[in-house]
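Colleague: This is the structure, below, for whatever I ask next.
Since every read-out is calculated from the coordinates, none of them should be taken as a lab result. Keep in mind the model is a prediction, meaning the values are calculated, not measured. Backbone-built Cβ (ideal geometry, glycine too); neighbour counts: all protein chains shown.
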Amino acid sequence: MGDPSGIGPDTTLLSWSAREAEALHPFAVFGSAEAMRGRARALGMDVPVAAVRDLDEASEVFAHALPVLDLGASGTEDPDASVVLAIEKATSAVASGQALALVTNPIAKRALRAIPLPYPGHTAFLAVLAERYCAVPKPRPIMMLVCDELRVVPATVHIPLSAVPRTLTADLLVQTVRTTASALALDFGIERPRITVAGLNPHAGEDNLIGTEETTVISPAIAKLQSEGLSVTGPLAADSMFHEHARSSYDVAIAMYHDQALIPLKTLAFDRGVNVTLGLPFVRTSPDHGTAYALAGTGRARPNSLIAALRLAASLGARRASVRSEAT
C-alpha cells in the first residue's frame, strides 16, 4: 500500500477500477483495509474493499472487490510500523512464490525509521529482506527507470551531488553494468544488450579540460566490460545522448547520478515511468513518483505510473516463472 497518508491508496483504487480496461493481472494490497475504505470514501469512489486471509482468496474476489491482506492498522496509530510490516509481508509472499511479483507504492524515507537499522528507502530494505527470505547473499540492488522510450540506470542514487565524484569508482560502474546486462537478458529477453555510458562532466570532460573522471574512472570501467564481451560504449556527453535518434542506438543508458537519469525519463514519460529494481531474486517494480501528500484524497492523483508498474511486474514475473519452469 505504501504510505497510507500518501497517494498510494488513491492510485491503487483507481488502478483496480481500471482493471478491465487496462487488462491488469490480478493484484492484492498488503496494508490496511480500513485505510483503503476511508480513502475510497474521501474520493467518492464506489470501490468494494474485501479483507482477505490469503492470496488464493484474493484471486477469487479480485474481479468484484479490491482484495486487501489486512494488517490490522489504519495507518494513523503507527504509520511507520504498518508501512514496514506491509513491505515485509509482501516481500515474503513474492519470495516464497505465492505471488508473481512485488509492486511497492511510494513511501517517505522517514517511514523506515521504525526499523532499528538505517535504510534510505525501499530498495536497501528489500536487499536485506532478500537475504532473509531467499537464503541468498545480500544483493546489491540497482534502480532502473523504464518507459516505452527509454531505459536508464543511475550508477549513484540518493546522495548529494557533491558526493558523486568520490563515490563513483570503476568497480562500481563495472558491477552496475554487469547487473544491468544480466537483468536485460533474463527479464527483458535482450540476449546481448547494447549499453551506453554517460560522462560525469559537461561534454564528457572534453579531453580532461572539464574534469578527469571520464579518463580515470569511466573509460577504464568500459574497457574492462568490453574485454568481458559486453556491448558497452561511452563515455558520451549526457546532453546529447537522450534525443530520439541517439536512443535508437542503445537498449539502456547508464547515468552517473540521480538527476542525470531521471530528468530525461520524466521529461519523456512523466506519468508512465516505472522503477524496476535489478539484482533481486524476485521481481519488484514501483511507480516513478513520490508520496505526493498534497494530492492524497483530492481526486487529482493519476494512476498511470502504478498501472504501468503493475503491467510490467506481471510481464517480468511471468517471464521469470517461465524461465524457472524450463530450468526444471
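Colleague: Select from Ala28, Leu71, Pro137 the residue farthest towards the positive end of the dipole of the chain; place +1 on Cβ of Lys and Arg, -1 on Cβ of Asp and Glu, and compute about the Cα centre.
Modeller: Selected residue: Pro137.
Colleague: For the chain, restrict the atom set to alpha-carbon positions and state the Rg and Dmax in Å.
Modeller: Rg then Dmax for the chain, in Å: 20.3, 63.
Colleague: Local charge sum around Ala183 (other residues, Cβ-Cβ under 12 Å, Lys/Arg +1, Asp/Glu -1)?
Modeller: That sum, taken over residues with Cβ under 12 Å, equals +3.
Colleague: Count of lysine pairs in the chain with Cα atoms under 23 Å apart, counting only pairs 8 or more residues apart in sequence or on different chains?
Modeller: 4
Colleague: For segment 149-268, treating each Cα as an identical point scatterer without solvent, what Debye log10 I(q)/I(0) comes out at q = 0.13, 0.16, 0.18, 0.23 1/Å?
Modeller: Per q value, in the given order, log10 I(q)/I(0) is -0.45, -0.70, -0.91, -1.49.
Colleague: In addition: For segment 1-85, count all C-alpha to C-alpha pairs, find those more than 20 Å apart, and express that count as a whole percent of the total.
Modeller: Tail of the P(r) past 20 Å holds 26 percent of the pairs.
Colleague: Show the residues, 5+ positions off or on another chain, whose built amide H is closer than 5 Å to the amide H of Thr233.
Modeller: Amide H to amide H, under 5 Å and 5 or more residues apart or across chains, Thr233 pairs with Ile195, Thr196, Val197.
Colleague: Let me make sure I get this right: for segment 202-273, a, b and c are the square roots of the gyration tensor eigenvalues over alpha carbons, sorted descending. Under 1.5 in a/c it's rounded, otherwise prolate if a/b > b/c, else oblate. Which is it?
Modeller: Verdict is oblate for segment 202-273.
Colleague: Specify the residue with the greatest mean-square fluctuation among Thr233, Thr277, Thr285, computed from a Gaussian network of the chain linking alpha-carbon atoms under 10 Å apart.
Modeller: With Cα springs under 10 Å in the chain, the top fluctuation among Thr233, Thr277, Thr285 is at Thr233.
Colleague: Same structure again: Which whole DSSP H helices in the chain pass both tests: a Cα extent of 27 Å or more along the axis and a mean Kyte-Doolittle value no lower than -1.0?
Modeller: 304-327
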